[in-house]
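Visitor: Okay, here's the structure, questions in a sec.
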Amino acid sequence: MRIDILTLFPEMVTPVLSSSILGKASEKEIADFHVHNFRDFSESKHGTVDDTPYGGGGGMVLKPEPLFRAVESMATDKDKKPRVILMCPQGVPYHQKLAEELAKEEHLVFICGHYEGYDERIREHLVTDEISIGDYVLTGGELAAMVVIDSVVRLQPGALGNQTSAVEDSFSTGLLEYPHYTRPAEYRGWKVPDVLLSGHHANIETWRLKESLRRTSERRPDLLDKLELTTEMKKLLAELEQEKKWEDKS
Ligand code: ADE
């Protein structure tokens, strides 16, 4: 998978792309990162990339030419256009399903602006997707692009040491992840649940599913509404409901 990042601040992204799982994915040639300063694509000799808005008003607006030139220079295959993603608070809210969709692409281009607005023609004729990572405003799209790239690259086959870890993630299953424990079996008097020490595989699986359901219903009940519940899930949810009633009584 090839990933191009267009930014005026390459120093904000290169350390992230060369660290941890992303760095390893790059070394293993699972992800091929290219960071570009789109000032280099400016036609002016001063490297101007923004200008004052038509109609007046404050702030600066990113000009279309440098971004069109940059994206067009990196098309690897004339027939297959890359997904060109603009990071902005007005975009569609980011979620795991979109990460899974983007993970199937061969080529992604991220446009990261900083404090400026974008000339609308960039949105209309260059960009294929606008993505927001949440209802808050960052100083630029770089950190948001890193969030999206991290979540997409870790889904590439071979990117994580242990492939099952991506499959069982929170959100991939539609549920939040169950609690994890490791040695010691008792720490400061806090014990690991007996079932996890029992070696009884089927009971462990049931416990994990129940704890996932407990966590999801407590923290993200909206996720449960979207899920098609199996008979086992319904039974476990009924048990949780019953346990809650007992707790409320005592
Ligand atoms: N740029 C600034 N704020 C952002 C956000 N919330 N998501 C994506 N890009 C952004």
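Visitor: Give me the dipole magnitude in Debye, nearest 20, for the stretch 186-249 about the Cα centre, with unit charges on the beta carbon: positive for Lys and Arg, negative for Asp and Glu.
Guide: Once rounded to the nearest 20, the dipole reads 140 debye.
Visitor: Nearest 10 degrees, 0 to 90: what angle lies between the long axis of helix 201-219 and the longest principal axis of the chain (Cα atoms)?
Guide: Approximately 60 degrees, to the nearest 10.
Visitor: A follow-up question, please. Give the angle, between 0 and 90 degrees and rounded to the nearest 10, that separates the Cα long axis of helix 231-249 from the longest principal axis of the Cα atoms of the chain.
Guide: Here the helix axis deviates by roughly 70 degrees.
Visitor: Search the structure for amide H atoms under 5 Å from the amide H of residue 50, placed 1.01 Å from N in the peptide plane, and list their residues when 5 or more places away or on another chain.
Guide: Counting only residues 5 or more places away or on other chains, the set is 63.
Visitor: How many Å³ per residue does the convex hull of the Cα positions in the stretch 186-249 occupy?
Guide: Values: hull volume 7.4 nm³, N = 64.
Value for the stretch 186-249: 116 Å³ per residue.
Visitor: Separate question: Could you pull out every residue, at least 5 positions away or on a different chain, whose amide H is within less than 5 Å of the one on residue 35? Hs are placed 1.01 Å off N in the peptide plane, and Pro or chain starts have none.
Guide: Amide H to amide H, under 5 Å and 5 or more residues apart or across chains, residue 35 pairs with 5.
Visitor: Students often check this: by mean Cβ neighbours within 10 Å, which of 119-129, 4-14 ranks highest, and how do the rest follow? It would help to have the intermediate numbers written out before the result.
Guide: On the way: 119-129: 15.2, 4-14: 19.4.
So the peptides 119-129, 4-14, ranked by packing, come out 4-14, 119-129.
Visitor: I've got another one for you. Quick one: work out Rg over Rh on the C-alpha atoms of the chain, Rh as Kirkwood radius.
Guide: On the way: Rg = 23.3 Å, Rh = 21.3 Å.
Rg divided by Rh gives 1.09.
Visitor: Now, a different point. Taking R0 as 35 Å, what's the FRET efficiency between residue 172 and residue 11 from their Cβ-Cβ distance, rounded to 0.05?
Guide: Numbers: r = 33 Å, r/R0 = 0.94.
With R0 = 35 Å, the Cβ-Cβ based efficiency is 0.60.
Visitor: How large is the helix-only mean residue ellipticity at 222 nm for the chain, computed as the sum of -39500 (n - 2.57) over DSSP H runs with n ≥ 4, divided by its residue count, in deg cm²/dmol to the nearest 500? Write out the running numbers ahead of the final one.
Guide: Details: 11 runs with 100 residues, N = 250.
Calculated mean residue ellipticity at 222 nm is -11500 deg cm²/dmol.
Visitor: Label-point separation (nm) for residue 74 and residue 101, each offset 7 Å from Cα along Cα-to-Cβ?
Guide: In this crude label model, residue 74 to residue 101 measures out at 2.1 nm.
Visitor: Just how far, in whole angstrom, is the stretch 80-98 from the stretch 100-177 if you go by their alpha carbon centroids?
Guide: Cα centroid to Cα centroid, the span is 6 Å.
Visitor: Subtract the Cα-Cα distance of residue 21 and residue 182 from 0.36 nm times their separation in residues, and report this length gain in nm to one decimal.
Guide: Working: separation 161, 0.36 × 161 = 57.96 nm, distance 2.25 nm.
This chain segment gains 55.7 nm when fully extended.
Visitor: For 100, 205, 228, 27, give the ranking by accessible area with the largest first, probe 1.4 Å. Each step should come with its number before you reach the end.
Guide: Working: 100 55, 205 90, 228 170, 27 150 Å².
Highest to lowest solvent-accessible surface, that is 228, 27, 205, 100.
Visitor: Hey, can you find the accessible area per residue of the chain for me, probe 1.4 Å, expressed in square angstrom? Could you put the intermediate results ahead of the total?
Guide: On the way: 15200 Å² over 250 residues.
Counting only protein heavy atoms, the per-residue value for the chain is 61 Å².
Visitor: Carbon and sulfur atoms: what percent of the 1.4 Å accessible area of the chain do they account for?
Guide: Summing carbon and sulfur atoms, their accessible area is 52 percent of the total for the chain.
Visitor: Next question, about the same structure. With every protein chain in place, what's the accessible area of residue 116 (1.4 Å probe, Å², nearest 10)?
Guide: Surface open to solvent at residue 116 totals about 30 Å².
Visitor: May I pose another question? Once the Cα gyration tensor of the stretch 1-125 is found, what semi-axes does its equivalent ellipsoid get, as square roots of 5 times the eigenvalues, in whole Å, sorted largest first?
Guide: Values: eigenvalues 140, 55, 45 Å².
That gives 26, 17, 15 Å for the three semi-axes.
Visitor: A further question follows. Against the longest principal axis of the chain, how steep is helix 64-73, in degrees 0 to 90 to the nearest 10, with axes from Cα atoms?
Guide: The angle comes out near 70 degrees.
Visitor: Suppose every Lys and Arg Cβ carries +1 and every Asp and Glu Cβ carries -1, with no other charges. What dipole size does the chain come out with about its Cα centre, to the nearest 20 debye? Kindly include the intermediate steps, with their values, before the conclusion.
Guide: Details: 31 positive and 43 negative charges, 138 e Å.
Roughly 660 debye for the chain.
Visitor: Using r as the Cβ-Cβ distance of residue 234 and residue 191, and R0 as 30 Å, what FRET efficiency do you calculate, to the nearest 0.05?
Guide: On the way: r = 30 Å, r/R0 = 0.98.
After rounding to 0.05, the efficiency reads 0.50.
Visitor: For residue 244, go through the lysines and keep the ones whose alpha-carbon is under 24 Å away, minus same-chain ones fewer than eight residues off.
Guide: Those lysines meeting the cut-off are 191, 210, 226, 234, 235.
Visitor: Check the straight Cα-Cα distances from residue 80 and name the lysines below 24 Å, setting aside those fewer than 8 residues away within the same chain.
Guide: 97, 104
Visitor: When only the heavy atoms of the protein chains count and the probe is 1.4 Å, how do 250, 170, 20 rank by accessible area, highest first?
Guide: Details: 250 120, 170 30, 20 85 Å².
Most to least solvent-accessible, the answer reads 250, 20, 170.
Visitor: In the stretch 142-230, with Lys and Arg counted as +1 and Asp and Glu as -1 at Cβ, which of these residues, 184, 171, 143, has the Cα nearest the positive end of the dipole, that is, farthest along it?
Guide: 184
Visitor: What does the charge count near residue 114 come to, summing +1 for each Lys or Arg and -1 for each Asp or Glu among other residues with Cβ under 13 Å from its Cβ?
Guide: On the way: positive: 39; negative: 11, 50, 116, 142.
Charge balance in the 13 Å sphere: -3.
The values are calculated or read from the model by the stated rules, or taken from the named source; none is laboratory data. Note that the structure is a prediction, hence the values are computed from the model and not measured. FYI the Cβ positions are ideal-geometry reconstructions off the backbone, even for glycines, and counts take in every protein chain you see. Remember, those area values only see protein heavy atoms, side chains included, never the ligands or the DNA or RNA. Shrake-Rupley method; radii C 1.70, N 1.55, O 1.52, S 1.80 Å.
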